[in-house]
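Data first, discussion second: the structure below is written as structure tokens.
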Amino acid sequence: MIDRLPVTKAVAATLATASGKPVGRGSIPLGAEPPYYLLTVVSTTPGGAPLADENEDLSIVYQVTAVTGPAPSTAGSYAVADQAEWLADKARRAFLARDPDTGQWLHPITVVGARVIGRSLDTEPGGSRDDSDAIIDNVQRFRLDLTSA
């Protein structure tokens, strides 16, 4: 059986390293100013081969919300849609980019006791904005498929 917490920690670390931006797991990253990411688990589905251990595999859908907005420490700063799209592009690269020569993922997600065997963009509902707060975000959902190592 694959535990979800180590996977979530590995996903957050990979996104932060690949994007160079802070990642909060379900809340604003501690001490962070925009731009940053919010990472949330949307669904978890255990599974496995028929007639075998039906809990040897795990599919997890993560929601990655790219948040841009005014930086409290910078007077007159504000959010722009281009920044939200730029952050969304960086997240897609973190999850889906491959080395053209080897076909391997450019940004490995390393989990002790499990191996990531599939990654995909589950859905990209797009963005929203709060004009009163000058916050713009972009939402993407990525599916990771894992198997026991």
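Some notes on this structure:
- The HN-Hα couplings worked out from phi for the range 101-111 by the Karplus form 6.51 cos²θ - 1.76 cosθ + 1.60 (θ = phi - 60°) are 7, 9, x, 6, 5, 5, 10, x, 10, 9, 10 Hz, whole numbers, x standing for Gly and Pro.
- Each residue of the range 23-29 was assigned a 3J(HN,Hα) from its phi angle through the Karplus curve 6.51 cos²θ - 1.76 cosθ + 1.60 (θ = phi - 60°); the sequence is 10, x, 8, x, 8, 4, x Hz, with glycine and proline shown as x.
Read-outs: derived from the displayed coordinates by stated rules, not from any lab. This structure is a prediction, so every number in the text was calculated from the model and none was measured.
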